[in-house]
Amino acid sequence: DEIHGQGTLTTPDGSKYVGEYKDGLPNGQGTYTYAGGEKYVGEFKDGKYHGQGSYTYSDGTKYVGGFKDGKYHGQGTETYSDGTKYVGEFKDGLCHGQGIFTFTDGAQYVGELKDNHRHGQGIFTFPPGSRYVGEWKDDEKHGQGTYTYDDGSKYVGEYKDGNPWNGTEYDEDGEISATYSDGVITEK
């Protein structure tokens, strides 16, 4: 008495599934189109997105890649409605592992992520050319790093909660212009 094999199911709200069934649940290849305009095309296992697939949201955001138990998992690409793009690893529906974020203003982050946040080692390039190379924690510069400004001046040292903490600032000629000790700046 279970749905099994190829089939189409239309729900009262207008959502529609077309694909393979096993033991009454979507299983195998299928397409699920939601009444609100969202759409999933790909593999199912026991009624959940599982394997390779693509999910398009009503605002135009699109994810293409791996799924596990209904969530983004493994390698994937998510292109957001504003044009921002993430290519990399996902875990339990979140950006997690190594990845690259490319923003519409030309900024780019390449490095480690944890639960959708920059966390670990990473490089963030800001337009038109400033660049931070170093450690991150919860989207903030935190730990050892080097921030190079557009004019060639730079800060080298420790950051804490996004702010220079213990380190040295150099001007564009490589001369020391300031030092930081526990977040307090001393100008030269």
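Observations
- Restricting the range 128-149 to residues that are modelled with pLDDT of 95 or more and in a loop (DSSP other than H, G, I, E, B), the residue that is surrounded by the fewest Cβ atoms within 10 Å (Cβ to Cβ) is Asp138.
- Of all residues in the range 36-49, exactly one satisfies the criterion of being open to solvent by less than 60 Å² (accessible area, probe 1.4 Å) and more than 25 Å from the chain's Cα centre (by Cα), namely Gly47.
- All positions within the range 22-35 that are crowded, with 20+ Cβ neighbours inside 10 Å and of a type in the set (Gly, Ala, Ser): Gly30
- Restricted to the range 74-127, and to residues there that are part of a strand (DSSP E or B), more than 9 Å from the chain's Cα centre (by Cα) and among the aromatic types (Phe, Trp, Tyr), the residue that is modelled with the lowest pLDDT is Phe126.
- Of the criteria (1) over 19 Å from His117 (Cα atoms); (2) free of Cβ contacts under 8 Å to residues at least 24 places away in the same chain, which one Ser153 fails: (2)
- In summary, Val18 fulfils each of the numbered conditions (1) assigned to a strand (DSSP E or B); (2) open to solvent by less than 50 Å² (accessible area, probe 1.4 Å) with the single exception of condition (2).
The values are calculated or read from the model by the stated rules, or taken from the named source; none is laboratory data. No experiment lies behind these values; they were computed from the predicted model shown. With ideal geometry, Cβ positions are generated from the backbone for all residues, glycine too; neighbour counts draw on all protein chains shown. To get the accessible areas, we keep the full protein, side chains included, count just its heavy atoms, and leave off ligands, DNA and RNA. Shrake-Rupley method; radii C 1.70, N 1.55, O 1.52, S 1.80 Å.
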